[in-house]
Amino acid sequence: MNKKNVLRLAASLLVVASISAHAATISPAGVPFSATGTMVLRAGLAAPTCTVSMSGLVTADGSQAVVNSVSISGDGRCGGSRVKNLPWTIQPTSSSSAFISGVAIDVGLSRCGPSTVSAQWNNSTNTLSATGQPMGGNCTMQVLTLSPNPAFTFSDKFAGE
């Protein structure tokens, strides 16, 4: 390998290392949690406002929250929604954002997901929220707002901290 290629490889590895050295965490770590809130999932023409409740466990290292149980209730199509693909994971990407992975819900004949929903996090209000997220299957997560208990704190973390 010539000197230019070695330098390019070294520079590429440095960029990858700096990107992977940054992570975010959830605290408190290693604890069970519950979360409740509101969801508006457009499936076809219907977009009912539903109550969503979930529970799970924040991993011991705080790298994610694993959602093991989800229930959806409310009028109309809310009660007929069927949650699929558990567990879902909430992965913080910064102190103010997260991905919710594996989200899948059947509403009537519509299969929504599995999808990764991009969400915003607010430490001061203890709120995870998402708007306008495509879910596949002619579905859109128009609104999702969740408040966990115990309250979460998302923190940026760099390698070596």
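The values are calculated or read from the model by the stated rules, or taken from the named source; none is laboratory data. Here the structure is a predicted model, which is why all the values come from computation and not from measurement. Using ideal geometry, Cβ is built from the backbone for each residue, glycine included, and neighbour counts are taken over all protein chains shown. Only protein heavy atoms, including side chains, enter the accessible area calculation; ligands, DNA and RNA are left aside. Shrake-Rupley method; radii C 1.70, N 1.55, O 1.52, S 1.80 Å.
Assorted remarks:
- Scanning region 63-96 for residues that are in contact (Cβ under 8 Å) with a residue 60 or more places away in the chain and either open to solvent by less than 40 Å² (accessible area, probe 1.4 Å) or part of a loop (DSSP other than H, G, I, E, B) (or both) yields ALA65, ILE90, PRO92, SER94, SER95.
- Restricting attention to region 110-151, the residues that are in contact (Cβ under 8 Å) with a residue 12 or more places away in the chain and either touching a Lys or Arg at 6+ places or on another chain (Cβ under 7 Å) or closer than 24 Å to ALA46 by Cα (or both) add up to 28.
- THR125 satisfies every condition listed in (1) of a type outside the set (D, E, K, R); (2) closer than 16 Å to THR36 by Cα; (3) not in a loop (DSSP other than H, G, I, E, B) except (3).
- Out of VAL16, VAL58, VAL52, sole residue that is open to solvent by 30 Å² or more (accessible area, probe 1.4 Å) and either β-branched (Val, Ile, Thr) or at pLDDT below 95 (or both): VAL16
- Every pair of residues 6+ apart whose Cβ atoms lie under 7 Å, when the first sits in region 22-45 and is more than 22 Å from SER115 (Cβ to Cβ) and modelled with pLDDT of 95 or more while the second is of a type in the set (Lys, Arg) and open to solvent by 30 Å² or more (accessible area, probe 1.4 Å): THR25/LYS157
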